[in-house]
Amino acid sequence: MLASSIRNCFLKFFENNGHKIIESSSVVPSNDPTLLFTNSGMVQFKNVFVGLEARLHNCAATAQKCIRAGGKHNDLDQVGFTARHHTFFEMLGNFSFGDYFKEDAINFAWTFLTKELEIPKSKLLVTVFHTDEEAKAIWRKFAGDILIIPISTNDKLWSRGEVGPCGPCTEIFYDHGGEIPGGMPGTTGADGDRYMEIWNIVFMQFDQKENGEKIPLQKQSIDTGIGLERLTSLMQGFNDNYQIDLFRNIIGEIKSISKTNHEDTYPSYKVIADHIRSISFLIADGVTPSNEGRGYVLRRILRRAMRHGNLISIKTPFLYDLSSILIDVMKDAYPELERARDVIASIIHLEEENFLYTLEGGLKILKNDIKNIAAGGILSGDQAFKLYDTYGFPLDLTQDILKAEKISVDTDGFEKALRKQRNKTKWTGSGDEKEDAIWLDLKAKLNATDFVGYETDEFESSILAIVQNGKENASLLEGKAFLITKSTPFYAECGGQSGDIGFIGAESGLFKVMNTQKMCDTIIVHEGELVSGSFRISDMVKLKIDSERRQKIRANHTATHLLQAALRHTLGNHVAQRGSFLDENRLRLDFSHHSSISLADLLKVEKMINNWIVQNLPVICRVMPKNEAITSGALALFGEKYGDYVRTVCVGTSCGEKVSFELCGGTHAFSTGTIGMFKILSESSIGSGIRRIEAITGIKVLDYFNDMEQSMHELSEKLKCGKTEVLLKVSELLTSLKQKNQEITKNKQKQAIEKIQNIQKSGICVCYLVVSDYSFEELRLLNDAVRSKNSSGIVIIAAQNADKSLLIVGVSQDLQKQYDATQILKIGLTFLGGKGGGNPSFAQGSGVGDMAKIKTAMERMLSCIA
């Protein structure tokens, strides 16, 4: 059976047994700030298990994409060295939310394995928590004389993290046979490969708190996990996950690229094949390489894969091409990969180019270090930090390389050096705030708020809840509060669009809405302050948004869509939205692209958008099935989870061509003509492979040009020329200024050269000088001038400036075997408390010190020349 057939068979089996099939959630958890990545199937159901969220279905089944590369569950270091560890894997799972418990869960597992997949019963054995007599009895009922191993260790009390749902578990193992080494579960040899865990059933009975206390759950539930890769290896007759069909084409391509096919290169094949899966899924779900949080883990995985490529003689970027093979293998199960194909390749390629440039240099440094360290020795923390800071080697990459040499790293010293600079690796949370209990309670009690703002700017509805100071109130008599109504025309801040403002009024009072937010994905909350009177629950009120502001927001939101469309037309389909913000004043789009955008391309984008605006194209919004929308070409946000039905926004031409077609729940202009005008204000980088454009529309563009016109008018008056002559006049002034600066520099150099002191030390000509108010550039020019008159010798020049002192050292080529400019500089900087660098020919640095310290530094540098 192919992996895809096993996946489908599993889901169909549980669907036929009353389970709702739920799509995999993102690998980035949306409901748990304590988790770096989604590491199991139950993560998206966490709030259901602890009773904070209700679902329409009490039984569910999923095929969940998981990543274990950080936190409690971190398999990164094991990948490549075992047959079964992965950073990315698929976890099949069936779940009961207070419906069935132990008996049905065990029965489902046994039936699927022995009847659906026809696995011989004699090849299976199970473990149970040693005190769980109920589970033992159920296994005897369904599996007869199956081997049951009671285990007392804490790993049989399962949890998905430090806090949250947990409980005892029972596991099903497959016996690969006596020819494969390994002891039974619970024995000292259990780490071998003979017995493979294929199914874990967790009997969710408790909610574990931060203090370690276990509180009984309101409903006893079931959480199961089945590794698809493990189950597939069993069904395909392998004892190695990396031999199954999911990896076959990927590893085949790695062999082809590297032109290798040796047993000793197999660990690198496994690392690269595993890592390209994590890399591609992380990027598809919105993670981009960075120096902190999830982005840093992605960068570590990328660089580990690149290093293993280097080990098998791949010296050029290759992972970006390999991602295409992975996408072809898995796009049917996870269509988000296909939608992100160009973006994934673009981001990987940029990272490869950046790191491969420094990889060779870092490896040379490390190889030299290894020569000086005996087996069992330790690499200093400072040196590990240098590899990290200068060459981009994550600590675990350095450790991975040294592991083969049986050398460890002084991690305490590394952490100390890292803290001096800044902590780049510490995970402090996802950035997603936990939902306050009050909103979870209200979600359980109230229906989803009915948003009517697409059709109208004002609406009458009833107040369902009043929240003040974190508590529900029956009335609002004064101060700030949150109002929840049955229906509302107020758009809640979402998808980059700012929330509406306006008023909620009735005969009893007036409430000013200063922001609108959505809580728990379903409740629209009006945040504001009571202006007059009072309100009570069940009051009928009139809700009216600020229509003028909304109109500007509509224009900016549609313009943001047009901006992404124009960028894709101009730069390519790898451009994809990575973030946005818009309000009534301006819009901002963050998008994937590997380099700065030329002025010519920015002007082309601007012109394209303004042409669409002038054409007054219709903007059509409609709800349609998600799969139909995606198939029709609608763009979706990476990492965003959508329901079965989605709202689409289409900007089209009169001949039916789609200028822009996206999934979007925001409010939009009814036609492009109402946008008025479009103007880009800035384009910049906000991270590796991510660019940002800020722009304005409508009357703001006119204000912008009026301001520019006023500035041009004032400039032309100061320059005493017409507006059309300003550029020429400024060019003339700059040319004149450059000439005068050159004359000043020339005179400074002439005066300095006249003051240079020359001494002979052991037959070596040493020229030295202390000056004031010199830049590094001026010092370099002075060094060049002195060396042009002395073909052999050493030049040392110091400059005292108001903010810092500067030093440069130059050594002629014939003396570099005896003297190194960086070493001479280092002696001087010792007295100035500074830092610098260079090469044996030329070095420069800066520090802090008065003239006396500078002269002392000069004397010490001169004294080192024997």
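The values are calculated or read from the model by the stated rules, or taken from the named source; none is laboratory data. Keep in mind it's a predicted model, so treat the numbers as computed, not measured. Cβ coordinates were reconstructed from backbone atoms using ideal geometry, including for glycine residues, and neighbour counts include every protein chain displayed. Note: areas computed on protein heavy atoms with side chains; ligands, DNA, RNA excluded. Shrake-Rupley method; radii C 1.70, N 1.55, O 1.52, S 1.80 Å.
In this simple spin-label model, placing a label point 7 Å from the Cα along the Cα-to-Cβ direction at both Ser762 and Asp412 gives a separation of 4.1 nm. Loop-located trypsin sites (Lys or Arg not before Pro) across region 649-728 with a Cβ neighbour count of 13 or fewer within 10 Å are Lys720, with loop assigned by DSSP. Measuring how big region 494-588 is from its alpha-carbon positions, Rg and Dmax come out at 17.6, 57 Å.
Here the translational diffusion coefficient of region 726-798 follows from Stokes-Einstein with Rh set to the Kirkwood radius across Cα pairs; for 4 °C and 1.567 mPa s it amounts to 93 µm²/s.
Placing a label point 7 Å from the Cα of Ser532 along the Cα-to-Cβ direction, the residues of region 479-521 whose backbone N falls under 20 Å from that point are 479-481, 502-514.
Taking a point 7 Å out from the Cα of Asp193 in the direction of its Cβ, the residues of region 67-108 whose backbone N falls within less than 20 Å of it are 75-90. Summarising the amide proton neighbourhood of Gly849: residues at separation of 5 or more, or on other chains, whose placed amide H is nearer than 5 Å comprise Ser805.
Under 5 Å from the amide H of Val409 lie the amide H atoms of Leu379, each residue being 5 or more positions distant or on a separate chain, with H modelled from the backbone and absent for Pro and chain starts. Can you work out the PRE-style zone for Glu455? Point 7 Å along Cα to Cβ, and I want the residues of region 598-641 with backbone N under 19 Å. The answer is 620-624, whose backbone nitrogens lie closer than 19 Å to the label point. Each other residue within a Cβ distance under 9 Å of Leu663 adds +1 if Lys or Arg and -1 if Asp or Glu, for a net charge of 0.
Ordered from highest to lowest accessible area with the whole protein assembly present and a 1.4 Å probe, Cys9, Cys767 read as Cys9, Cys767. Counted over all Cα-Cα pairs of the chain, pairs farther apart than 45 Å make up 45 percent. Annotation note: GluC sites (Glu not before Pro) in region 643-708 located in DSSP loop regions with a Cβ neighbour count of at most 16 within 10 Å are Glu657. Computed from the C-beta positions of Leu599 and Asn291 and an R0 of 22 Å, the FRET efficiency is 0.15 to the nearest 0.05.
Remark: spin-label model distance His569-Gln517 equals 3.9 nm, labels positioned 7 Å along the Cα→Cβ axis. Using the Cβ of Glu493 as centre and a radius below 11 Å, the other residues enclosed give a net charge of -2, where K and R count +1 and D and E count -1. Applying D = kT/(6 pi eta Rh) to region 185-250, where Rh is the Kirkwood radius over alpha-carbon pairs, T corresponds to 10 °C and eta to 1.306 mPa s, the Stokes-Einstein value obtained is 107 µm²/s.
Sorted largest first by accessible area at a 1.4 angstrom probe radius, with every protein chain in place, the residues Asp321, Asp396, Asp521 fall in the order Asp521, Asp321, Asp396.
In this simple spin-label approximation, Cys721 and Lys750 carry label points 7 Å from Cα along the Cα→Cβ vector, and these lie 3.0 nm apart. Taking all protein chains together, Glu351, Glu478 sort by accessible area into Glu478, Glu351, largest first [probe 1.4 Å].
Thr265 sits among other residues whose Cβ lies under 12 Å from its own Cβ, and their net charge, with Lys and Arg +1 and Asp and Glu -1, is +1.
Taking 0.36 nm per residue of separation and subtracting the Cα-Cα distance, full extension of the segment from His262 to Glu493 would add 77.6 nm. In the structure shown, do any of Lys443/Lys626; Lys443/Lys471; Lys755/Lys789; Lys65/Lys214 have a Cα-Cα gap over 22 Å, and if so which? Where the Cα-Cα span goes over 22 Å, the pairs concerned are Lys443/Lys626; Lys65/Lys214. Between Glu640 and Glu694, the FRET efficiency from the beta-carbon distance, with R0 = 22 Å, is close to 0.45. At an R0 of 60 angstrom, the distance between the Cβ atoms of Asp814 and Asp77 translates into a FRET efficiency of 0.75. When you count the other C-beta atoms within 10 angstrom of each residue and take the mean per peptide, 33-43, 95-105, 193-203 line up highest first as 33-43, 193-203, 95-105. At a probe radius of 1.4 angstrom, the accessible area of the chain per residue rounds to 46 square angstrom. Under the criterion of Cα pairs below 8 Å and six or more residues apart, the relative contact order for region 10-68 equals 48 percent.
Listed by chain and number, the lysines whose C-alpha is less than 17 Å from the C-alpha of Lys406, apart from same-chain residues fewer than 8 away, are Lys367, Lys371. In the chain, a dipole from Cβ-located charges (positive for Lys and Arg, negative for Asp and Glu) runs towards its positive end, and of Gln816, Asn310, Gly295 it is Gln816 whose Cα lies farthest in that direction. Between Glu15 and Leu734, the contour length at 0.36 nm per residue exceeds the Cα-Cα span by 251.3 nm. Past 20 Å, Cα to Cα, is the threshold; run Lys826/Lys855; Lys552/Lys679; Lys804/Lys826; Lys102/Lys641; Lys20/Lys46 against it and keep the listed order. Those over the limit are Lys102/Lys641. The trypsin sites (Lys or Arg not before Pro) of region 356-417 meeting both criteria, a DSSP state outside H, G, I, E and B (loop) and at most 15 other C-beta atoms within 10 angstrom of the site's C-beta, are Lys406.
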